[in-house]
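Please read the structure below before turning to the comments.
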Amino acid sequence: MLVTIDGKKIKVNKKCTILELATKNGIKIPTLCYHPDLRSDGKCGVCVVEVNGKLMTSCNNDISDGMIIQTTNERIIKQRKINAQLVGCNFEDEEEFRKWLKLSNMPDIDELKFKPHASQELDDSSHDIVMDFKNCVLCGRCIQKCRDIQTVNAICYKGRANATVVTKSLGKKLIDTNCVGCGQCSLVCPTNAIREKESYKEIKKLLKDPKKHIIAQTAPSIRVALGEEFGLEAGISVTGQMVSALKKVGFKKVFDTNFGADLTIMEEASELIERIRKNKDLPLITSCCPAWINFIETFYPEYLNHLSSCKSPHQMFGALIKTYYAQKTKINPRDIIVVSIMPCTAKKYESCREEMSVGGIRDVDFVITTRECAKLIKSFNIDLKLEKKMQFDNPMGPGSGGGAIFASSGGVMESAIRTAHYFLTGKEYSAIDFKVLRGNSGFREASIKIGNKTLNLAIIHSLKNARKILEILKKTRHKYHFIEIMACPGGCIGGGGQPKPTSKEIIKKRAKASYEEDKSLEFRQAHKNPNIIKVYMEFLGKPLGKLSKKLLHTKYSDKSKCGL
Amino acid sequence: MQIKRKTNFENFKVAKKLSPEALIKKVEKSGLMGRGGANFPTGLKWKMSRPAKYLICNADESEPGRFKDKFVLDNNPEIVIEGINIAMYALSTKQCFFYLREEFKKYKEKLEKIIKEKSKYKITIVIGAGSYICGEETAILNSIEGKRAETRHKPPYPSERGLYDEKTCVNNIETLARIPLIFEDDFDNELTLFSVSGDVQSPGVYEERQGITLKYLAEKVGAIDPYAIFFGASGGCIPFQQDLILSYKEMEKTGNFFQTGIMFFNNEKSVPDICRSIIQFFNEENCGKCLPCREGNFRLLQLFQVILKRKWTKEEFQIIQDLIDFVPNGSQCGLGKSSTIALKSAIKYFKNEFDKLIE
Amino acid sequence: MLKYSYKINFMKFLLEYLQKIQNKNGFISESDILEASKQFQLSPAEIFETISSYEKFNLWTTSEKVIKICDSPICHSKGGENLIKLAEKLLNTKIGTYNKKFIIESCQCLGECDKGPVMTINDELFTNLNEEKLKQIFKDQKLI
């Protein structure tokens, strides 16, 4: 096919949309509701181009042979200016609006002529997400994520014509819907109408209190994504700079959640082996994703017995900080504040759960997202890029390579197998990189031989695939031995609290960085990490032992609400 | 009126003697055009949809000023069922959905009786729930599937991928009523049902040939001091001219889009006020999916409501003119593309009335 | 197989199911939506979305008498707006305000343009209206 775009003649072999063609050839067409991972409906009208004398949106119209496209001229600029007028009043504030105008190559406008007319009340009933629909431009990205990719359906459209709004299911408060807190909606919202429930301002105040011993722990997903908030390209690991910045901000200690991940591996690999020996409650399903836990408690409570009883890494780590670390340093655990920096919004609710505390003391006191962490650092006028690299603090850490790959979908599985293989056979697995478990698809299966046993494994990301595998389990329950389920597409590196924008391409780059970090570390298996060996020897005893069960394990309950 | 003729399923027997391909060729040759407002050649639509899994008879008429579908249902529902049978034979379809507007639910019983007695194919009656946009061919698909009442992007057209992702043919009820008449000796493809209302002595439905002059129609209906003529809510408007020819080609020359629902207004009526009620109509009946149509029409209504209290500033009138071009350029479906045609023509042809309302 | 799919609802008409409930009770309650959700294997949110996009369905109890006066172009040009104002005055209410006995709702073209201005009270049609006729109809309906 021969297509002319802005005077340039281009030969095209594969069918694509006008917008995709322009992007491939370096022409920037403004967009608002367009997202590379989602279906384009031409809702916002910002991406108009002129084709054969008519204006049409470029995101949902395909190219055809002989098409003559103009991406900018006087008529198009006039169209975009009026579009900006209609949309501008919905942005959080004028500064954000002008930032968007500049970033997306939109023409500048003088002053906003219209006032917003939406009238929904702010909904901050949920622990994880705040919905402030007065800023909604009805791009529909959040509904596509919640309906098509997560199949949770906590939000939907309501009404028609100018009374059309995005609202929660049945008009309820968010906490009364089936929302699992995954935060994928907040990850794609262009105007922050849906955002995480922020707590970084409260932490900033507490950092000034000299009586409190505030500790930060950072998930493996943060270090490969935080740089994006400071202008770096996706996929650059900023571990050392992150530690330095957080220390400057005032955290007394900065720990590595990868250490907590190693604890999870020790416990979960042992759990897997025990279940295989007893042939009971198989397949074992991972439990470190809180949105997945909310999902199974809400929609499939009949499968709760398959979940691992392990807490998630940061919760295990928090429990140890409030006991082992408090004893070692002789600090009163009530004066210790643990702040988990996570790529996740659902962990905010997770940290509040009754089961996530020991003796009335919460394992983790605050959870902030990657985006909040960046805001916190920026509020001290610190530029992450200029920081010198520093190491994580001891005695809790650092983690092994097995902990680092928790960030990516398939990482928990791979790490658990590295350790389970050693526990079962006494030998390390021959190929330390389980390439067969890595990949981008949301539904991957693999079979691995450990000794004389063949284990059938499945790796899932996105809740629609979680539904798929649970429906399969209804029919062939004993096919799998071990299933890893992550609610967010790509795993935690694509989590609801990660920097915006996040797309499949960016997730691939972040995943690559976490696998490189694994390769670069001294210890690549959890069971080889000397600090882990020390903790068990000095304090916990053994995996699944009495103290481990008390501090590092949890239980679940049926939380089904409104039917489907 | 030809549309009232009782053909008693005789023409269906005649049609069945031809092969489906030959039947579609006959319909193409007859020159029959769709009567839903888009004026697409029926024979060509059938050729593109064949073999269709579903046929949809669109009786969701909600355009202001148009009430001819009700006339057909009142006077000759049998010919509609016969037309559907002929269509289903030609398209090799086994299932038809007869989509009735909610206010027409009183016709369901009578139609089901005729279907039981006479129809050789399965026709299921589906009743709407009060949504103008469901008259659009992709919104009708969403409505039958139980989804939100909004349009789909075209392409793919329903003839490629329609109801439940199968090939579907959507025809207006008057088009299907005219299908059996193709087999009559005096078939005339230009005959169409005009719905005339407004400041006239005898409002109602008239069957006339396309290509009549406005003078002829005005005399027939007893127009009282005709001043402004509006073609439904989405067709545009024009000052009364004796020799204006009512056909699609001629109307295009004036910048309007021909509709068969014709509203006559005398010179006591205010054109900006009629425009305000047209914009109010589109503001309440659009599906709300696309920003240009939803927000653009809303802001236009807000601006038109200004004249109830005071005059427009020059700036406000300029914004109105900008929005009038903006809405059709950014919209995805027929409603958005035609919601401001009436305003555009009104400002062009009745400028003096608007000037009086600007400071 | 995904749990939610519109293809599963092949030939099961959600609109018809909802209309039966609407016609019987005058509105569709939350428990109706949850029941429909089980029957159609759709999430409550999707059914809620469909319901709220149609004019006919109510999500809350409605008045005994629902008055709709058409204000589309023809009826408007024949005084539809004034009739609405008169109705508001006679019933001492505003359009859209709910009370147990009556509610005046906005409505768009009913397809009776040759008999305008028109009004419906609970689906009963009244045509060729003027101010006196409106007052008489309201008296007959025991609204005033």
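The values are calculated or read from the model by the stated rules, or taken from the named source; none is laboratory data. Fair warning: this is a prediction, and the values are worked out from it, not measured in the lab. Every residue, glycine as well, gets a Cβ built from its backbone with ideal geometry; the counts of neighbours run over all protein chains shown.
Restrict the check to segment A:524-535 and report whether at least one residue is touching a Lys or Arg at 6+ places or on another chain (Cβ under 6 Å), part of a loop (DSSP other than H, G, I, E, B) and more than 14 Å from chain C (Cβ to nearest Cβ). Among the residues of segment A:524-535, at least one is touching a Lys or Arg at 6+ places or on another chain (Cβ under 6 Å), part of a loop (DSSP other than H, G, I, E, B) and more than 14 Å from chain C (Cβ to nearest Cβ), which makes the answer yes.
Within segment A:91-112, not a single residue is more than 27 Å from residue A:349 (Cα to Cα), facing chain B (nearest Cβ under 10 Å) and touching a helix residue (DSSP H, G or I) at 6+ places or on another chain (Cβ under 9 Å). Take the conditions of a type in the set (A, V, I, L, M) and under 29 Å from the mean Cα position of the chain (by Cα) and apply them to residue A:103. Does it pass? Answer is yes for this residue. Within segment A:213-234, is there a residue that is out of contact with any helix residue (DSSP H, G or I) (no Cβ under 9 Å at 6 or more places or on another chain) and surrounded by fewer than 24 Cβ atoms within 10 Å (Cβ to Cβ)? Checking segment A:213-234: not a single residue is out of contact with any helix residue (DSSP H, G or I) (no Cβ under 9 Å at 6 or more places or on another chain) and surrounded by fewer than 24 Cβ atoms within 10 Å (Cβ to Cβ). Here residue A:465 meets the list (1) among the polar types (S, T, N, Q); (2) surrounded by 21 or more Cβ atoms within 10 Å (Cβ to Cβ); (3) in contact (Cβ under 8 Å) with a residue 40 or more places away in the chain almost entirely, failing just condition (3). Condition test on residue A:206, is it surrounded by 24 or more Cβ atoms within 10 Å (Cβ to Cβ), touching a residue at least 60 places away in the same chain (Cβ under 8 Å) and assigned to a helix (DSSP H, G or I)? Spelling it out, it is not the case that residue A:206 is surrounded by 24 or more Cβ atoms within 10 Å (Cβ to Cβ), touching a residue at least 60 places away in the same chain (Cβ under 8 Å) and assigned to a helix (DSSP H, G or I). Taking the stated definitions as given, is residue B:60 within 14 Å of chain C (Cβ to nearest Cβ), of a type in the set (Asp, Glu), within 15 Å of residue B:174 (Cα to Cα) and surrounded by fewer than 23 Cβ atoms within 10 Å (Cβ to Cβ)? When the stated conditions are applied, residue B:60 does not pass them. Annotation: of all residues in segment A:43-60 being touching a Ser or Thr at 6+ places or on another chain (Cβ under 6 Å) and closer than 16 Å to residue B:155 by Cα, the one that is farthest from the other protein chains (Cβ to nearest Cβ) is A:59. Regarding segment A:314-331, can at least one residue be identified that is in a strand (DSSP E or B) and either touching a strand residue (DSSP E or B) at 6+ places or on another chain (Cβ under 6 Å) or touching a residue at least 60 places away in the same chain (Cβ under 8 Å) (or both)? The answer is no, given that none of the residues of segment A:314-331 is in a strand (DSSP E or B) and either touching a strand residue (DSSP E or B) at 6+ places or on another chain (Cβ under 6 Å) or touching a residue at least 60 places away in the same chain (Cβ under 8 Å) (or both). Counting only residues that are farther than 25 Å from residue B:64 by Cβ and polar (S, T, N, Q), which one in segment B:96-145 is farthest from the other protein chains (Cβ to nearest Cβ)? Within segment B:96-145, the match that is farthest from the other protein chains (Cβ to nearest Cβ) is B:119.
Would you check if residue B:250 is of a type in the set (Asp, Glu) and either touching a Cys at 6+ places or on another chain (Cβ under 7 Å) or more than 10 Å from every other protein chain (Cβ to nearest Cβ) (or both)? Judged against the criteria, residue B:250 is a match. One residue stands out among those in segment C:19-49 that are in contact with a Ser or Thr (Cβ under 9 Å, 6 or more places away or on another chain), more than 7 Å from chain A (Cβ to nearest Cβ) and in a helix (DSSP H, G or I): the one that is nearest to residue A:169 (Cα to Cα), which is C:47. Of all the listed residues (B:32, B:73), the sole one being within 11 Å of another protein chain (Cβ to nearest Cβ) and hydrophobic (A, V, I, L, M, F, W, C) is B:73. With among the hydrophobic types (A, V, I, L, M, F, W, C), surrounded by 24 or more Cβ atoms within 10 Å (Cβ to Cβ), over 26 Å from residue A:127 (Cβ atoms) and touching a helix residue (DSSP H, G or I) at 6+ places or on another chain (Cβ under 6 Å) as the only criterion, which of A:487, A:526 stands out? Of the residues listed, the single one that is among the hydrophobic types (A, V, I, L, M, F, W, C), surrounded by 24 or more Cβ atoms within 10 Å (Cβ to Cβ), over 26 Å from residue A:127 (Cβ atoms) and touching a helix residue (DSSP H, G or I) at 6+ places or on another chain (Cβ under 6 Å) is A:526. Just checking, does segment A:541-564 include any residue being more than 14 Å from every other protein chain (Cβ to nearest Cβ), among the β-branched types (Val, Ile, Thr) and assigned to a loop (DSSP other than H, G, I, E, B)? Yes: one or more hits. The set of residues in segment A:366-397 that are closer than 17 Å to residue A:514 by Cα and in contact with a Leu (Cβ under 8 Å, 6 or more places away or on another chain) contains only A:370. Looking at the structure I just gave you, is residue B:58 touching a Pro at 6+ places or on another chain (Cβ under 9 Å) and touching a residue at least 12 places away in the same chain (Cβ under 8 Å)? In short, no. Contact map, segment C:57-80: residues that are within 13 Å of chain B (Cβ to nearest Cβ) and surrounded by 17 or more Cβ atoms within 10 Å (Cβ to Cβ) paired with residues that are among the charged types (D, E, K, R) and not in a loop (DSSP other than H, G, I, E, B), Cβ distance under 8 Å, separation 6+ or inter-chain. Pairs shown: C:66/C:105; C:68/C:105; C:71/C:81; C:76/B:273; C:77/B:273.
The set of residues from segment C:89-144 being among the basic types (Lys, Arg) and without any contact (Cβ under 8 Å) to a residue 12 or more places away in the chain comprises C:89, C:94, C:133, C:139, C:142.
Look at (1) touching a strand residue (DSSP E or B) at 6+ places or on another chain (Cβ under 8 Å); (2) in a helix (DSSP H, G or I); (3) closer than 30 Å to residue A:190 by Cβ; (4) more than 14 Å from chain C (Cβ to nearest Cβ) and you find that residue A:488 fails only one, number (2).
Look at residue A:124 and say whether it is touching a residue at least 12 places away in the same chain (Cβ under 8 Å), within 14 Å of chain B (Cβ to nearest Cβ) and of a type in the set (Asp, Glu). The answer is no for residue A:124. Has segment A:348-361 got any residue that is surrounded by 22 or more Cβ atoms within 10 Å (Cβ to Cβ), touching a Phe, Trp or Tyr at 6+ places or on another chain (Cβ under 8 Å) and without any contact (Cβ under 8 Å) to a residue 40 or more places away in the chain? Looking through segment A:348-361, at least one residue is surrounded by 22 or more Cβ atoms within 10 Å (Cβ to Cβ), touching a Phe, Trp or Tyr at 6+ places or on another chain (Cβ under 8 Å) and without any contact (Cβ under 8 Å) to a residue 40 or more places away in the chain.
Of all the listed residues (A:439, A:401, A:397), the sole one being more than 19 Å from residue A:259 (Cα to Cα) and at pLDDT below 85 is A:439.
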